[in-house]
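For reference, the structure discussed in these notes is given below.
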Amino acid sequence: MRMHRSEEIWLTVTTAFLVLFLLIGGYLTVQLAMSPPSHRETIDPQKVGQTAPFDNPGVKKIGENEYEVVMTLEAFMFTPGDIEIPAGAKVTFKLTSKDVVHGFEVAKTNINAMVMPGQIQQITQTFDKPGKYLVLCNEYCGGGHQFMSAAITVK
Amino acid sequence: MELVLNPTTSTQQAVKKVLGVKLQDAKLSLSYLSVSFAALFVGGIMGLLQGLDRSGIMPLPAWLSYYQVLTAHGILMLLVFTSTFVVGYIYAGMSYTLDGLLPKVRRLGWIGFGLMVAGVVMVMTTVAMGDASVLYTFYPPLAASPYFYIGLVLVVLGLWSCSAGVFINYRYWRKLHRGQPTPLFAYFAMGIFVLWFFASIPVAVEVLTLIPWSMGILPTINVMFSRMLFWTFGHTVVNVWYFVAVSAWYVAVPKIIGGKIFSDKLARVVVILLVVLNLPGGFHHMIIDPALSNGVKYLHAYMSMAVAFPSLMTVFAMFAVFERVGRKNGGKGLFGWFKKLPWGDVRFLAPMIGMISFIPGGAGGIINTSFQLDQVVHNTLWVVGHFHLTVAMTAAVTFIGICYWLIPHLTGRVLTPKMNKAGVAATLIWTFGMILLSGSQHLAGLSGDPRRTAYTTYNGSEVAASWDPYELVMGIGAVILLIGLLLQVYNVFHLMFRAPKGNTEFPVAHADDEKSTPMWMERWGLWIVIMLLVIGMAYAVPAVDFIVNAPPGSPPIRTW
Ligand SMILES: [Cu+2]
């Protein structure tokens with residue numbers, strides 16, 4: 001099919017941009033392992049309270065300045081709801097839902113993950129800056145959704 | 001194709017026509033448009049209530065839940081206003097360009113109308129009763145009343161009835177005009193309904209499993225699989241609204257401004273690409289979900305970007321049309337032609353604003369789908385700002401522009417200069433309100449303000465307090481938007497019942513190359529096969545994975 005010269009230029013340049021986006025995204029994913037949270041591990045959503053490690057949610061030290069937070073989400077709370085960790089700590093959150101779909105967001109950080117019933121989600125972050133961080137549920141989960149929040153204090 | 005004014009020479013049978021409009025076909029389209037604007041009216045009030053509550057300007061009364069209002073707003077705007085507008089507009093255009101609807105097709109259109117209205121009434125009743133505060137995405141295991149899902153099934157069946165009508169009329173015309181390419185409008189109609197029909201199949205499957213589950217017959221549901229089925233549809237349906245706007249840009253806008261279609265062939269290539277490339281992409285709504293491999297997410301994220309290609313072709317084609325018309329009108333220099341466009345004509349202004357909104361709208365879409373960037377804005381107000389730019393500006397404002405010729409065309413009335421001014425005012429007020437609303441939503445979302453959340457201070461959190469100014473602007477935007485919306489609804493009413501009688505044409509532009517359009521473009525069987533192959537490539541592996549590696553399912557849960 002015949003095309004106008006200027007149209008050819010336009011489409012070539014814009015397509016080159018899209019391919020560049022694709023390559024940068026691929027590079028970040030594969031080389032720098034900067035991929036969105038995609039943990040694969042299942043759990044019986046009706047037996048979360050009886051299944052390890054979610055039968056005992058809380059903060060665990062697993063290495064030098066390395067922590068694991070085992071957390072359950074349910075309408076309308078995070079357990080544990082108040083977390084304290086030292087500055088510079090690398091924290092891995094292990095999350096699952098006891099009921100409906102929830103979101104796990106720590107405002108002003110890149111922590112953002114969907115937490116589905118039946119699935120265990122995982123996300124890691126290093127908290128360099130001390131302060132109080134707001135954890136909130138960012139997926140509608142019912143009538144009290146706006147009250148679903150928790151706090152992380154970095155000292 | 002010349003318009004047949006003599007009723008007895010119509011190719012089908014004697015159909016009553018007044019000034020080129022087939023009365024029976026006009027009645028069908030007008031019924032759809034009436035429902036559409038009634039939905040816009042109610043949905044708009046719901047939007048205002050949300051804006052006022054979220055911004056803290058005026059909290060909702062205790063008997064009305066924010067999430068109930070949000071569910072109603074989402075369903076009325078995203079599903080009812082758009083769907084019924086599209087059917088009304090496409091059926092009117094088909095009637096005009098294919099020389100009347102077949103009686104059989106008109107009947108299918110009415111059956112579709114009955115099913116959709118019944119379905120919407122059922123859905124909205126459950127929402128009003130507080131038995132379906134599940135938002136328009138109704139993610140299980142949130143379980144609404146079974147009647148909510150049954151209503152949705154009726155809406156989908158209505159859509160299928162209308163789709164069958166489009167396919168039958170198209171085939172009939174092809175048979176009658178062998179060797180001739182179909183009119184471009186009908187070609188668009190075919191593309192839009194093929195895409196819409198196939199996109200609705202997965203959501204139909206989802207809803208059909210949710211019915212027995214919500215009634216307690218099926219004890220549990222596969223949450224991830226349902227979610228995939230929903231987004232296969234949800235991602236595509238917004239592109240259907242965009243596709244409809246594109247059809248008006250190509251076919252009607254050049255005629256309105258006294259120009260020609262840039263290229264008939266290019267327009268048809270855009271239709272084919274929009275059909276073939278659209279469905280794979282659903283997972284870009286699930287980028288931060290568990291249980292989906294990064295490979296699959298990456299594939300979908302960038303497959304959904306493929307839609308940018310036909311969009312860029314459209315931008316080029318449309319601006320080429322504008323430049324030619326502007327120069328013909330005496331525009332000089334590199335950009336002088338831009339000023340020579342008929343900016344005071346709502347039939348041009350509204351779709352043009354729609355087009356321009358798609359520049360930031362499309363760019364935001366590329367950001368959302370850019371994988372790592374999505375993690376920053378996922379489920380924040382940014383996303384809400386994004387789809388208000390794309391659906392409520394690009395698509396809806398183009399639809400608004402269409403009203404000012406489509407409705408008088410159907411009612412045998414004319415657009416007076418005064419009504420044109422009222423239309424310009426509605427468009428500008430709407431646009432201004434949306435700039436405030438969408439702009440503040442983008443900014444709030446970028447700093448983490450979550451979407452789908454009633455007013456809250458999160459126990460006096462400092463971060464949450466920093467979102468307040470944006471939310472206030474959002475509330476003001478919602479108020480301004482409602483003023484524009486009310487004016488628009490009034491204008492529609494006026495064009496339907498009050499405007500002076502006369503003849504308004506259905507604007508169909510022509511292209512220099514339309515006689516040489518190759519016939520292979522009409523081979524829909526081929527495009528559908530390619531589309532299904534692309535869908536298979538995108539979904540087969542994760543779909544099987546979601547079933548084979550599924551955890552125990554979830555029971556129905558009501559948390560509101
Ligand atoms: Cu929640």
Alpha-carbon centroid distance for the pair the range A:1-30 / the range B:319-376, whole angstrom: 20 Å
Among A:Phe17, A:Pro117, A:Ala75 the positive-end extreme of the charge dipole of chain A (Cβ point charges): A:Phe17
Spread of Cα-to-Cα distances over 5 Å intervals beginning at zero, given as percent, for the range B:283-372: 3, 12, 17, 16, 13, 10, 8, 7, 6, 4, 2, 0
Cα pair count fraction exceeding 19 Å, expressed as % - the range B:84-173: 46 percent
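Between A:Thr15 and B:Trp343, what is the FRET efficiency for a Förster distance of 30 Å, r being their Cβ-Cβ separation, to the nearest 0.05?
0.40
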Whole-Å distance, taken between Cα centres, linking the range B:71-123 and the range A:77-114: 45 Å
Size descriptor, Kirkwood hydrodynamic radius, that averages inverse alpha-carbon separations across the range A:97-155, Å: 12.3 Å
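May I ask you to derive the FRET efficiency for A:Glu84 and A:Lys47 from their Cβ-Cβ distance with R0 = 25 Å, giving the value to the nearest 0.05?
On the way: r = 29 Å, r/R0 = 1.17.
For A:Glu84 and A:Lys47, the calculated efficiency is 0.30.
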Label-to-label distance, nm, for residues given as B:Lys421 and A:Arg5 (7 Å Cα→Cβ offset): 4.8 nm
Summed buried accessible surface, chains B and A, 1.4 Å probe, nearest 100 Å²: 5200 Å²
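Taking the DSSP beta bridges in the protein assembly as shown as the whole, what percent of them are antiparallel, to the nearest 5? Kindly include the intermediate steps, with their values, before the conclusion.
Working: 33 of 48 bridges.
Beta bridges within the protein assembly as shown, antiparallel portion: roughly 70 percent.
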Using θ = phi - 60° and Karplus 6.51 cos²θ - 1.76 cosθ + 1.60, couplings along the range B:182-193 (whole Hz; Gly, Pro as x): 5, x, 4, 4, 5, 5, 4, 4, 4, x, 4, 6
Accessible area per residue in Å² at 1.4 Å probe, computed on the range A:51-155: 35 Å²
Cα convex hull volume per residue for the protein assembly as shown (Å³): 153 Å³
Rounded, prolate or oblate (a/c below 1.5 giving rounded, otherwise prolate when a/b exceeds b/c) for the range B:321-414 by Cα gyration tensor: oblate
Computed E for B:Ser34/A:Asp55 - FRET, C-beta separation, R0 41 angstrom, nearest 0.05: 0.10
Simple label model, 7 Å out from Cα along Cβ direction - A:Ile62 to B:Glu505, nm: 7.1 nm
With every protein chain in place, the range A:6-120: carbon and sulfur % of accessible area (1.4 Å): 57 percent
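How shielded is A:127-140 by partner chains, expressed as the average number of their Cβ atoms within 10 Å of its Cβ atoms?
Working: counts 0, 0, 0, 0, 2, 3, 2, 7, 2, 10, 4, 10, 9, 18.
Mean inter-chain Cβ contacts per residue within 10 Å come to 5.
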Sorted peptide list for B:258-269, B:502-513, criterion being average Cβ within 10 angstrom, highest first: B:258-269, B:502-513
Global form of the range B:417-462, assessed from the alpha-carbon gyration tensor, a/c cut-off 1.5: prolate
Sorted peptide list for B:128-136, B:326-334, criterion being average Cβ within 10 angstrom, highest first: B:128-136, B:326-334
Viscosity 1.567 mPa s, temperature 4 °C, Stokes-Einstein D of the range B:491-560 from Kirkwood C-alpha radius, µm²/s: 67 µm²/s
Cα lying deepest toward the dipole's positive end in the range B:167-273, options B:Ser263, B:Gly191, B:Val203, charges on Cβ: B:Ser263
Under 5 Å, built H, 5+ apart or other chain: amide partners of A:Val91: A:Tyr67, A:Gln125, A:Thr126, A:Phe127
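So what is the orientation-averaged projected area of chain A, using the convex hull of its C-alpha atoms, in nm²? Don't jump to the answer; show the numbers that get you there.
Values: hull surface 54.2 nm².
Averaged projected area of chain A's Cα convex hull equals 13.5 nm².
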Computed [θ] at 222 nm, helices only, for chain B once each DSSP H run of length n ≥ 4 contributes -39500 (n - 2.57): -23000 deg cm²/dmol
Per-residue average of Cβ from other chains inside 10 Å of B:137-145: 3
Cα radius of gyration and Dmax for the range B:227-299 (Å): 16.5, 54
Calculated on alpha-carbon atoms, Rg and Dmax of the range B:192-265 in Å: 18.9, 61
Peptide B:303-313 - average C-beta neighbours from other chains (10 Å radius): 3
Dipole-positive endmost among B:Leu443, B:Ala396, B:Met352 within the range B:337-448 (Cβ charges, Cα centre): B:Met352
Intensity falloff of the range B:28-88 expressed as log10 I(q)/I(0), Debye formula with alpha-carbon point scatterers, at q = 0.16, 0.25 Å⁻¹: -0.52, -0.89
Compactness of chain B, expressed as Rg and Dmax over alpha-carbon positions, Å: 23.1, 74
³J(HN,Hα) computed for each position of the range B:79-96 - Karplus, 6.51 cos²θ - 1.76 cosθ + 1.60, integer Hz, glycine/proline x: 10, 7, 3, 5, 4, 5, 4, 4, 4, x, 5, 5, 5, 5, x, 5, 4, 6
Accessible area expressed per residue, the range B:104-191, with surrounding protein chains retained (probe 1.4 Å, Å²): 36 Å²
For the range B:378-484: rounded, prolate or oblate by the Cα gyration tensor [a/c cutoff 1.5]: prolate
Inter-label distance for B:Leu208 and B:Val414, nm, one decimal - labels placed 7 Å from Cα along Cα-to-Cβ: 5.2 nm
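The values are calculated or read from the model by the stated rules, or taken from the named source; none is laboratory data. Predicted, not measured: the structure shown is a model, and the values here were computed from it. Note: ideal-geometry Cβ built from the backbone for every residue, glycine included; neighbour counts use all protein chains shown. For the accessible areas, the whole protein counts, side chains as well, though only heavy atoms, and no ligand, DNA or RNA atoms are used. Shrake-Rupley method; radii C 1.70, N 1.55, O 1.52, S 1.80 Å.
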